[in-house]
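The values are calculated or read from the model by the stated rules, or taken from the named source; none is laboratory data. This structure is a prediction, so every number in the text was calculated from the model and none was measured. So basically every Cβ, Gly included, is an ideal-geometry build from the backbone, and we count neighbours across all protein chains shown. Keep in mind that these areas ignore ligands, DNA and RNA; they rest on the heavy atoms of the full protein, side chains included. Shrake-Rupley method; radii C 1.70, N 1.55, O 1.52, S 1.80 Å.
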Amino acid sequence: MKKWELSRLQELFEAIAAQEPLYIPTDVSGQPTFALWQPGMALTRELNTVRSAKDLFFPQVEELVKFKVEGKKIQVLDPQVQIRDQVVFGVRACDARSFDILDSVFLAEPADTYYRDRRAHTTVMTLACTHPEESCFCTSLGIDPQAPGGDVSCWIEGEALYLNANTPKGQALLSRLPLDEGEKPEADRSVFDRLPLKDLDLTRFGEKKLLDWFHSPKWGELSQSCLGCGTCTFVCPTCQCYDIRDFDTGHGVQRFRCWDSCMYSDFTMMAHGTNRPTQLERFRQRFMHKLVYYPADHGGQVGCVGCGRCLRKCPISMNIVKVARALGEEEV
Amino acid sequence: MQERVIEKAAQLLESGACARVLGWKTGEFFYDVTPAVFTSAQQVRQEMVFSPFCGANLSKYLIAESRKEGKVGVFLKPCDSFSFVQLQKEHRILRENVYAVGVQCQGMSDIEALKALGLRGITAVQAEEDRLTVSTLYGEKTVALEEALSLRCRSCKSRALHDCDELIGDQGRDLDTDRFGEVARLEAMSPEERFAFWRSQLSKCIRCNACRNVCPACSCEKCVFDDPNSGVQNKAAADPFEEDLFHIIRAFHVAGRCTDCGECTRVCPQHIPLHLLNRKLIKDMNALYGPYQAGSDFDSKPPMLTFTQEDPEASIITEGRGIQ
Ligand code: SF4
Ligand code: SF4
Ligand code: SF4
Ligand code: SF4
Ligand code: SF4
């Protein structure tokens, strides 16, 4: 295991950034977010960013292709930029697990080349949690917040940062840095046993009862005050839906994709109209996807990593925990 | 207050006076209450709460609820009652189908205010007179009740209920808080500084639409930004210009109808101080057309919907920097 003095963290960032662009969670206009490190930029003191780390691989807006029209000639241009190697530091265990979920979608054949390129060129340095929020429930999903994955796992204990490479990519990065050797002291885990949501069970919504869950009478009550704003989907590290749109530039077309939300009325709109006419169906889609459809397709793996963002950010405080509890009550 | 509100809700349902009651429902924690429709007294007694953390304004739900079968009961705080009146003025709520219970308010608390004090892992609160004992995963801390006050309550315009069929507690009065101080501070900036301020704030926007969807003044059936036929449909902002545009257009569209209820800023996941945009417009309208408060009465004429020969022709072009 490697070690670095915490008081010299800026020097470590500098050493990494001298080689590759480095992203760290920092406060921008008062809100924690992943940003390109610049000299002096400090780590946020917040546990987690408002937007998740998925932004790095799946940005909110991304240009896919350009068409340039000149008279009768149409030129097709590829705006895909050459992705350079980059490093992201400070990803929490929950967000790191969300990459597995995103991978299973974007890297399934035919792979999404935009996502694949970013993923392949990024070295992920995770950071273990010591001070979870009351809304964190990663542990109930089998994620160990003190053993975060990624290419390099990092821990802050006392006055030092400890680093351990998990992959060849991680090893390559660490070997290029002037780190000391060191062994991390045993950390105190007791706070994780006091987490209010630690006993939550999100894994019992089996596909066998898919239709029962789908037709549960609870959806009406659960969705009744949902604003359909989409905040929950935009802050969620595992939400992966997007829309593809054409922008008419006057002399051609810019085709881009942007995040979409199943909470929106035009989501999956088709020529015949929509199959989700009211907020009930839209709301149901989000939670059925995380709790039932995704696990059914992926060997039981739940499509939620317990980051708690939807608990903290929904304007009406409706979220996956309340949904799971309500559905669980009736035991269909 | 909690007991009286819950008893009232149960009674409205038991007596048959209302078919449904709009209130707030308990959550996992003490602060994550959800607006909910209750249909039985039993359900009310089990699940309804009224606590200082019931910040959500229920008025907008009445647009849909007042169109359903039977009467709907609703609990309104003073600020919510401005939205209630304003929505009636806009003919969005069928008043005869609503039984409105006003609830006197001493200011609402907000989990974000507690977090702003540096508290993390908050699991419980206990109020004692003017103090709040906050339990967290990392120990207990006592704070003054005032420090837990939500942002909007710090500049509350009035504790008077503006339209209700019944009031729990005493009628309050208008307050003289400094609502426009922050706006004046922005006005005093140079245009470059001000631009930088709004850029840094609006560039955080993730276009989740929470501000718009929660806003009682944003009650269009289909927003232009959602409508593929509008030509300006815009699901995500591609550049800073589009980021600004959404908010400026929204602020202008609700100008004269925004009651300054504070919901937009409360719900923004990125803590963008949207209320400052709206307050700037309120301040300017007051200066140009005389004092006006949306939602304060049924008769006054909204400045943006009235024309008189005497109306000033305020122009950012002729006056250089807009209204001072
Ligand atoms: S569940 Fe909450 S965050 Fe999600 S769309 Fe509904 S109101 Fe918005
Ligand atoms: S559903 Fe909520 S808790 Fe789960 S990963 Fe998404 S934002 Fe996090
Ligand atoms: S959910 Fe777990 S991994 Fe994520 S921030 Fe909280 S404690 Fe850390
Ligand atoms: S609530 Fe905040 S982040 Fe969401 S659209 Fe409004 S300003 Fe943007
Ligand atoms: S713009 Fe904001 S303050 Fe004004 S009515 Fe809408 S939600 Fe309330």
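Quick notes
- If R0 equals 41 Å, the separation of the Cβ atoms of B:Q11 and B:E147 corresponds to a calculated FRET efficiency of about 0.70.
- Proximal charge balance of A:S223 [Cβ under 12 Å; K/R count +1, D/E count -1]: +4
- Largest-first principal axis extents of the Cα set of the range B:213-305 (Å): 39, 29, 22
- Across A:Y115, B:Y289, the residue with the most accessible area heads the list, and the full order at a 1.4 Å probe is B:Y289, A:Y115.
- The lysines whose alpha-carbon is closer than 19 Å to the alpha-carbon of A:K208, local same-chain residues fewer than 8 away aside, are A:K218, A:K290.
- Calculated Rg and Dmax of the range B:147-257 using C-alpha coordinates, Å: 17.9, 50
- Distance (nanometres) between label positions extended 7 Å along Cα→Cβ at A:M1 and A:I83: 3.1
- Expected 222 nm ellipticity per residue - DSSP helices of 4 or more, -39500 (n - 2.57), all of the protein assembly as shown, to 500: -8000 deg cm²/dmol
- Sites B:K68 and A:R176 - FRET efficiency at Förster radius 60 Å, r taken between beta-carbons, to 0.05: 0.35
- Backbone geometry of the range A:84-89 corresponds, through the Karplus equation with coefficients 6.51, -1.76 and 1.60 at θ = phi - 60°, to 3J(HN,Hα) couplings of 8, 4, 8, 10, 10, 10 Hz, x marking Gly and Pro.
- Radius of gyration and Dmax over the Cα atoms of the range B:29-91, both given in Å: 12.7, 37
- Proximal charge balance of B:V143 [Cβ under 12 Å; K/R count +1, D/E count -1]: -2
- Between A:A15 and B:E3, the distance separating the two model label sites (each 7 Å from Cα on the Cα→Cβ line) works out to 6.5 nm.
- Crossing angle, helix B:78-89 versus chain B [Cα axis fit, 0-90 degrees, rounded to tens]: 60
- One decimal place: the segment B:D174-B:E221 gains 13.6 nm when fully extended, by the rule 0.36 nm per residue minus the C-alpha distance.
- Most mobile of A:D144, A:D201, A:D297 in a GNM of chain A (Cα contacts under 10 Å): A:D297
- Summed side-chain charge close to B:M285 - residues other than B:M285 whose Cβ falls under 13 Å, Lys, Arg +1, Asp, Glu -1: +2
- Projecting label points 7 angstrom from Cα along Cα→Cβ for B:E166 and B:R45 puts them 1.7 nm apart.
- Hydrodynamic analysis of the range A:207-328 uses the Kirkwood radius over alpha carbon pairs. Inserted into Stokes-Einstein at 25 °C and 0.890 mPa s, it gives a translational diffusion coefficient of 157 µm²/s.
- Per-selection metrics, the range B:1-148 (Cα): Rg and Dmax in Å: 16.7, 51
- Taking amide H as placed 1.01 Å from N in the peptide plane, the amide H of B:A36 sits under 5 Å from that of B:G23, B:W24, B:K25, each at least 5 places away or on another chain.
- Space enclosed by the convex hull of the alpha-carbon atoms of chain B, per residue, Å³: 162
- Taking the inverse of the mean reciprocal distance over all distinct Cα pairs, the Kirkwood hydrodynamic radius of the protein assembly as shown comes to 26.9 Å.
- Of the DSSP H helices in chain A, not one has a Cα length along its own long axis of 24 Å or more together with a mean Kyte-Doolittle hydropathy reaching 0.5.
- log₁₀ of I(q)/I(0) at q = 0.12, 0.13, 0.15, 0.18 Å⁻¹ - the range A:2-194, Debye sum with one point per alpha carbon: -0.64, -0.74, -0.95, -1.33
- The Rg/Rh ratio of the range A:8-117, with Rg taken over Cα atoms and Rh as the Kirkwood radius over Cα pairs, comes to 1.07.
- Taking every protein chain into account, the 1.4 Å probe leaves B:R95 with about 50 Å² of accessible area, to the nearest ten.
- Measuring against 25 Å, Cα to Cα, the residue pairs B:K115/B:K283; A:K54/B:K204; B:K157/B:K235; A:K169/B:K235; A:K313/B:K115; B:K141/B:K204 contain B:K115/B:K283; B:K157/B:K235; A:K169/B:K235; B:K141/B:K204 as the ones spanning a longer distance.
- Amide hydrogen neighbours beyond the local backbone of B:L161, cut-off 5 Å, H modeled: B:G172
- Beta bridges per DSSP, both residues in the protein assembly as shown: antiparallel share near 75 percent.
- Remark on chain A: ratio of C-alpha radius of gyration to 2.2 N^0.38 Å is 1.08.
- Legend: mean number of C-beta atoms from other chains within 10 angstrom of residue C-beta atoms, peptide B:56-66, equals 1.
- Amide H contacts of A:L64: A:R255, A:F256, A:R257, each under 5 Å away and 5 or more positions distant or on a separate chain (H built 1.01 Å from N in the peptide plane; Pro and chain starts excluded).
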